[in-house]
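To keep things clear, I will list the structure first and then write my remarks on it.
No lab work stands behind these numbers, since they all come straight from the coordinates. None of the values given here were measured: they were computed from a predicted structure. For neighbour counting, all protein chains shown are included, and Cβ atoms are generated from backbone atoms with ideal geometry for every residue, glycine included.
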Amino acid sequence: MKTFKNVLILCTFLFTAGAFAQQNYTVNGNTYSLKTEVEGPITLLWNVIDNEYRYFAKKGNEIIELKNTRINGKYQEEYKATLRQLTTDHPVDPSKTNITLPGLRAYINQYNTLADPNFEEKTTQFELETRLGVFAGISNNTSTTNPENVFAPLAGLEFEITDNVVLKRHSIVLQFRHSFKADEYDLTFSQIALNYRFKFIYSEKIAVFAQAKLFTLTFSTLDENNAEGLEDLKNTSLNAPLGLGLGMDYKLGNGYLTLGVNDLVSPGIDANDEFSMDVTLGYKFSL
C-alpha cells in the first residue's frame with residue numbers, strides 16, 4: 001500500500017510541474033495564446049488550438065504561421081517555403097523537416113546557431129497533458145473466482161498523464177473499474193490499477209499501445225449459498241500482477257475514442273485457467 005501511495009504522489013508532482021507559461025500574440029488579426037518552444041533570432045511558438053497543433057515562427061516583429069494544408073488528400077507543405085523565406089540570410093535546408101514540435105525545434109535551433117554565435121539551445125522541456133476517460137465493456141475475469149468462465153459487464157474511469165514533447169510514446173494511467181454480477185456469476189469487484197502504456201504506433205490522429213498493469217488494489221464480494229443460506233464473502237487484495245494488454249486511441253473531437261483488449265497475459269494469477277477476454281470501449285477528454 002505504501003508503494004502505491006508513493007506512486008500516486010509522484011504522479012501528482014509530475015502533473016503540477018508540467019505547467020507552461022503562455023503569452024497572447026496577434027497574428028493576421030487573430031489573437032492566440034501561444035507557448036514559446038525556442039527563443040532566439042527566430043522564435044518558435046505553438047499551441048493546440050481547436051483540437052489542432054498550430055505552429056508559428058517569429059522573426060523581429062513579424063509572426064508567420066507555419067502551415068501544412070491538405071488538398072484532395074495531399075499535404076501542401078507550405079511551411080517549408082516559409083522557413084526558406086525566413087532563413088535567407090543564413091540558409092538552412094528545410095526539405096527534410098517535419099511539421100512536428102521536435103522537427104521544427106531542431107530546424108530553428110540550427111538556424112539560430114548560425115545567425116547568433118551567442119545563441120544557446122535551451123534544454124528540452126516536458127509538456128504534460130492529462131486526460132480523463134470513461135469506458136465500458138465485458139470480461140470473463142480470469143484472475144477472479146470464475147470457474148464457469150462466465151462473461152460479466154464492467155464500467156470504469158481512468159486518468160492518464162502523458163507528454164507531448166519528449167516522452168510522447170509513454171503514459172501513466174490510474175484506472176478504476178467495477179465488474180457487475182452476471183447469470184451464474186455471483187462475484188462483483190472494484191479495482192484500482194496503475195498502468196503503463198507504450199505507444200508503438202503514434203501520430204496526432206491515432207496511437208496503438210501496449211499496456212502493462214503494474215499494481216492493483218481489488219475489493220471483491222462473492223455471494224455463496226451454504227447450509228445457513230446466502231452469505232457475502234468479502235476480500236481485499238493488493239497485487240503486482242503485470243497484466244499485459246493492447247489498446248488504441250483515435251482522435252475524435254476534443255478527445256479520443258478508446259479501444260482496449262486488456263490482461264491478455266497475467267502471469268501467476270489466472271484463477272480459472274481460461275484465456276482472458278477483456279474488451280472495453282470508451283472515450284477520454286483532454287483536460
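Convex hull volume of the C-alpha atoms in the stretch 168-225, normalised per residue: 104 Å³.
Take 41-54, 186-199, 86-99 and order them by the average number of nearby Cβ atoms within 10 Å per residue, most first; the result is 186-199, 41-54, 86-99. Couplings 3J(HN,Hα) for the stretch 81-98, derived from phi with the Karplus relation 6.51 cos²θ - 1.76 cosθ + 1.60 (θ = phi - 60°), are 5, 5, 5, 4, 5, 6, 10, 5, 6, 9, x, 10, 6, x, 4, 9, 8, 8 Hz, where x marks Gly and Pro. Would you mind classifying the stretch 21-115 by shape? Square roots of the alpha carbon gyration tensor eigenvalues, ordered a ≥ b ≥ c; an a/c under 1.5 is rounded, otherwise it is prolate if a/b is larger than b/c and oblate if not. It is oblate, given that a/c is not under 1.5 and a/b is not larger than b/c.
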